[in-house]
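Enquirer: Once you've had a glance at the structure underneath, I'll fire off some questions.
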Amino acid sequence: MKSGSVTITAINRNSGTLTVDALSAIDGGSGVAADDYIYQYGDYDGAISGLAAWLPSSAPGATSFFGVDRSVDTTRLGGQRYDGSSDTIIEALIEGMALVGREGGSPSHIFLSFAEFVKLEKALGAQIKREVQRKDSISGYASLEMIGPSGSCEVIPDKDCPDSVAYILQMDTWTLASIGEVVQLTQLDGNRVLRQASDDGIEVRVHSYANLGCGGPGWNCRVTLPS
């Protein structure tokens with residue numbers, strides 16, 4: 001793992017380009033290479049284990065995941081994977097839904113990026129069945145409905161989902177578990193706020209002891225979408 005940190009000085013959100021102050025600070029001047037991952041400082045191995053951890057892009061090895069060796073049953077313990085990069089986006093999602101159904105799952109939701117959602121919307125054309133945005137919507141965004149071998153799935157765009165990937169999920173297998181409230185004020189010393197010593201202001205800190213859990217990884221699927 002490379003070491004070092006930089007400060008982002010500019011962002012082009014359309015091109016996906018980050019400008020930083022000094023790449024020479026990374027790993028003795030080696031900079032950032034293809035397939036490197038960039039983390040917010042202090043967050044490495046300190047954040048919630050999300051969908052990419054529970055449903056990795058390749059079959060998991062023997063490395064322990066929350067105390068479980070997932071290599072003994074890579075699909076039931078490490079989720080399903082379908083490479084739809086050579087399919088159309090509709091074919092890729094239907095194949096992923098079928099894979100989950102074959103394993104006994106009943107997927108209810110599909111999450112993908114806004115760019116992939118638009119591709120699907122265009123591909124479906126007149127076949128689209130829209131779901132009106134509801135007050136209890138998971139994401140807050142309007143969705144599409146797609147029919148698969150195990151029934152219908154609600155297709156929802158997610159701003160945090162990477163391009164070229166879709167997650168087909170059986171939502172009742174997932175739980176966000178936490179000790180206390182998911183996000184809570186840090187007041188172990190009895191103080192909700194602190195006065196700043198060198199400024200005319202107050203400081204508030206929050207913390208979270210939470211993680212994502214899945215009771216049936218094999219009933220969920222990560223789909224690689226066509227580029």
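The values are calculated or read from the model by the stated rules, or taken from the named source; none is laboratory data. Keep in mind it's a predicted model, so treat the numbers as computed, not measured. Here the Cβ is made from the backbone with ideal geometry for all residues, glycine too, and neighbour counts use every protein chain on show. Heavy atoms of the whole protein, side chains included, go into the accessibility calculation; ligands, DNA and RNA do not. Shrake-Rupley method; radii C 1.70, N 1.55, O 1.52, S 1.80 Å.
Enquirer: For Met146, which of the numbered conditions (1) aliphatic (A, V, I, L, M); (2) at pLDDT below 90; (3) part of a helix (DSSP H, G or I) fails to hold?
Expert: Result: Met146 fails condition (3) only.
Enquirer: Condition test on Ser85, is it surrounded by fewer than 18 Cβ atoms within 10 Å (Cβ to Cβ), over 18 Å from Val165 (Cβ atoms) and at pLDDT 95 or above? Can you show your working first?
Expert: Working: surrounded by fewer than 18 Cβ atoms within 10 Å (Cβ to Cβ): yes; over 18 Å from Val165 (Cβ atoms): no; at pLDDT 95 or above: yes.
When the stated conditions are applied, Ser85 does not pass them.
Enquirer: What number of residues in the range 8-54 are touching a residue at least 40 places away in the same chain (Cβ under 8 Å) and β-branched (Val, Ile, Thr)?
Expert: Selection size over the range 8-54: 1.
Enquirer: Give the number of residues within the range 88-115 that are buried (at least 22 other Cβ atoms within 10 Å of the Cβ) and free of Cβ contacts under 8 Å to residues at least 12 places away in the same chain.
Expert: 0
Enquirer: Those residues that are in contact with a helix residue (DSSP H, G or I) (Cβ under 7 Å, 6 or more places away or on another chain), assigned to a strand (DSSP E or B) and at pLDDT 95 or above, I need them from the range 149-182; list them, please.
Expert: Result: Ala166, Tyr167, Ile168.
Enquirer: Residues of the range 12-25 being out of contact with any strand residue (DSSP E or B) (no Cβ under 6 Å at 6 or more places or on another chain) and modelled with pLDDT of 85 or more, which ones? Explain how you work it out, then say what you get.
Expert: Initial filter on the range 12-25 (out of contact with any strand residue (DSSP E or B) (no Cβ under 6 Å at 6 or more places or on another chain)): 12-17, 22-25.
Asn12, Arg13, Asn14, Ser15, Thr17 - these are the residues of the range 12-25 that are out of contact with any strand residue (DSSP E or B) (no Cβ under 6 Å at 6 or more places or on another chain) and modelled with pLDDT of 85 or more.
Enquirer: Consider Thr63 carefully, then state whether it is at pLDDT 85 or above, farther than 28 Å from Lys159 by Cβ and surrounded by 12 or more Cβ atoms within 10 Å (Cβ to Cβ). Break it down into steps so the answer makes sense when it comes.
Expert: Working: at pLDDT 85 or above: yes; farther than 28 Å from Lys159 by Cβ: yes; surrounded by 12 or more Cβ atoms within 10 Å (Cβ to Cβ): no.
Here the answer is no, as Thr63 does not meet what is asked.
Enquirer: Next up: Check Ser57, Ser5 and return the single one that is open to solvent by 50 Å² or more (accessible area, probe 1.4 Å) and either touching a strand residue (DSSP E or B) at 6+ places or on another chain (Cβ under 8 Å) or in contact (Cβ under 8 Å) with a residue 60 or more places away in the chain (or both). Outline the logic, then answer.
Expert: On the way: Ser5 fails: either touching a strand residue (DSSP E or B) at 6+ places or on another chain (Cβ under 8 Å) or in contact (Cβ under 8 Å) with a residue 60 or more places away in the chain (or both).
From the options Ser57, Ser5, the qualifying one is Ser57.
Enquirer: Determine the pairs where a residue that is closer than 18 Å to Ile48 by Cα, located within the range 184-210, has a partner that is at pLDDT 90 or above and open to solvent by 70 Å² or more (accessible area, probe 1.4 Å) with Cβ atoms under 6 Å apart, the partner being 6 or more residues away or on another chain.
Expert: From residues that are closer than 18 Å to Ile48 by Cα, the pairs are Tyr209/Ile179.
Enquirer: Same structure again: Within the range 29-37, is there a residue that is surrounded by fewer than 14 Cβ atoms within 10 Å (Cβ to Cβ) and closer than 25 Å to Gly218 by Cβ?
Expert: no
Enquirer: Could I ask something else about it? In the range 210-227, which residues are at pLDDT 90 or above and either at positive phi or open to solvent by 50 Å² or more (accessible area, probe 1.4 Å) (or both)? Break it down stepwise before answering.
Expert: From the range 210-227, those at pLDDT 90 or above are 210-226; that's our starting set.
Hits for the range 210-227 are Gly215, Trp219.
Enquirer: Looking at the range 190-202, can you tell me whether even one residue there is assigned to a loop (DSSP other than H, G, I, E, B) and within 23 Å of Thr75 (Cβ to Cβ)?
Expert: no
Quick grid of which residues meet (1) of a type in the set (S, T, N, Q); (2) more than 30 Å from Leu225 (Cβ to Cβ); (3) within 19 Å of the chain's Cα centre (by Cα):
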| residue | (1), (2), (3) |
| --- | --- |
| Pro149 | no, no, no |
| Glu154 | no, no, yes |
| Asp160 | no, no, yes |
| Ile168 | no, no, yes |
| Leu185 | no, yes, no |
| Arg192 | no, yes, no |
| Arg195 | no, yes, no |
